[in-house]
Every structure is written in C-alpha cells, then in structure tokens.
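What follows is one structure encoded as structure tokens, with my remarks underneath.
The values are calculated or read from the model by the stated rules, or taken from the named source; none is laboratory data. Predicted, not measured: the structure shown is a model, and the values here were computed from it. Ideal geometry is used to build each Cβ from the backbone, glycine not excepted, and the neighbour counts take in all protein chains shown.
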Amino acid sequence: MATKNKELQTDVVEKEEVEVVEGAERTRPVKAYVPRADIYETDDSLVIVADMPGVDENNVDITLEKNVLSLKGYLDFQTPENYSLAYAEYEVGDYERSFTLSDEIDRDKIEATISDGVLRVFLAKAGPAKTKKISVKSA
Amino acid sequence: MYRRRPFGYYHSINPWREIEQIQREMNRMFRHMSTGPRVAPGYPAINVWANDEGVVVTAELPGVKTEDIDISVVGNTLTLSGERRPDELKDGEKYHRRERRQGKFTRTFELPFGVEADKVEAMFERGVLHISLPRAEAEKPRKIAVKSAN
C-alpha cells in the first residue's frame, strides 16, 4: 500500500504518548495519549477543545480537583470482525490530559459536550474577573 | 523527550526512569524499522484491516462533519479527502493555544487488489471513519483442487 501524495502533507501526524509519572503506572493495559487541544477565550468563558476520536459521552470523565481539571477518555474499541491488521499508521488508546485553572474560573459552572470525537469543555469566568474596561481620564 | 521538566529533573535522578526515557526515545527513532505503527506521511493516519474478502480502512477524523468527507474509489485506488473546519470565533474571542490541525486534507492509497466499487461502504462514528472495501469478485483468491494423476 503506497501513498502517492507524500509531498502534499509532510508534517508528522503522530500521537503523543502520556509520560508515565514517577512511581505511578497505568492500571489499564492500553496506552494513553495526550489529546491535542485548542483553548480559546470568549467574553464570559474559556473553551477547551480536545480531540478524542472513538470516545463518546459514555466513556469520558472530567474531574476537578483543587485547581486541576483532568480530562480522560476511555478506549471503547472493537477490531473489525474477522479482519486482521495489515498496515498501521496509528495506535488507539485512552486519552489523558490535565489543565491548571486560574482563580478566574467559576468552579460551579463547568459544562462539557462531546460530538464526533471532539470534547468541548466550557469554563465560565467568575463574575468579577470578567473583562473590565478601564477608562482613562485626562488629568 | 519534549516535556522534560526544567527544574527538579536533576534533583531526583532515578536511573530506571532515565533508562525508560532513553528506551522510549530509541523506540521513536527506530519506529520505521520495527513492527509497530509507521509514521503517517500525511493526514489522516490510517490503519488497514484485511482478509480474503476485502479490506477495512480506518482513520481518526475527530470533528470532521460527515458532509465534509469525500471518498472515491477508481480501480484499486482509494482517495480520501475532506476538510476539518475550526470553531468559528466571534470578534474579540481569541485563541490561547492551537494544536488541532485544521484545513483540507487528501490522501491516496493503492490497494493490493481491485475493489467492487458499488459495494464500498463507509461509516463515520465518534470521529472515526470506517471504509469497507470488498474485493472484486474476479480477483478473489480461488481454491485450486489438486487431482491425482491416476
């Protein structure tokens, strides 16, 4: 199986594996990957968009402990029946990534959606931290 | 390799961790020689599952809409193209971090056999694409009976 258009996209499409924390090992026998994420800010919230292909609302966990937000997606993978893997460019596994939240996030107003393997976490900004415009008066 | 902590790393040197790290880096370097997955030469990375009846090609395309995926088969050539659209940001909204690739993609593969083009099926679920390509009837392996000469 040869690819014809190598010159079109030469940048590497590789998944980054989660590094094992010292002294802690994974309990599941699959690899874990760091989902690629975008983060953008709107007027009243911060949105984290993370790629978790193969994950749906039934196998994703979002936890907030102190100020660390952890996103975990668990693999629910079925190999095509009666087929064997002939050629592979990617591996599948769980997804794990954590973000440290600043104080400006309202801990009680965190919402998340997942569709087409993309997780979106909406973090509402706490009241006083909403963007304030400071007008400058001439003296 | 990438996320070596700037501090603390040299304070508590654990030789096993060092070795694991080196091993991981070696694995990365020699990936193309090993039996593990090759590095994809383009987006998206694909996996190919095969049996006598045909192949199943899978690709991870998180966030791509079904209508933005284009699959075409001519003879034994499969072309997968499409577009990954970014979230539309309003005025005043800004990105802090962008790691997810966006834009158009195309990949072309040569399959090891001709395909029954009108029986190709594709399913897109949870951001994962499955394309099932049945082998052309004429190209299926045939069992040859061996007759004895007497």
If the requirement is being modelled with pLDDT of 90 or more and either part of a loop (DSSP other than H, G, I, E, B) or in contact with a Lys or Arg (Cβ under 8 Å, 6 or more places away or on another chain) (or both), which of these qualifies: B:88, B:83? B:83
Quick check on my filter: what residues within the range A:28-67 are closer than 22 Å to residue A:124 by Cβ, more than 10 Å from chain B (Cβ to nearest Cβ) and hydrophobic (A, V, I, L, M, F, W, C)? A:60, A:62, A:64
Of everything in the range B:71-97 that's surrounded by 12 or more Cβ atoms within 10 Å (Cβ to Cβ) and acidic (Asp, Glu), which residue is farthest from residue B:132 (Cα to Cα)? B:93
Say whether the condition of being farther than 30 Å from residue B:54 by Cα and out of contact with any helix residue (DSSP H, G or I) (no Cβ under 9 Å at 6 or more places or on another chain) is met by at least one residue in the range A:79-89. no
Could you tell me whether residue B:126 is in contact (Cβ under 8 Å) with a residue 12 or more places away in the chain and closer than 30 Å to residue A:39 by Cα? no
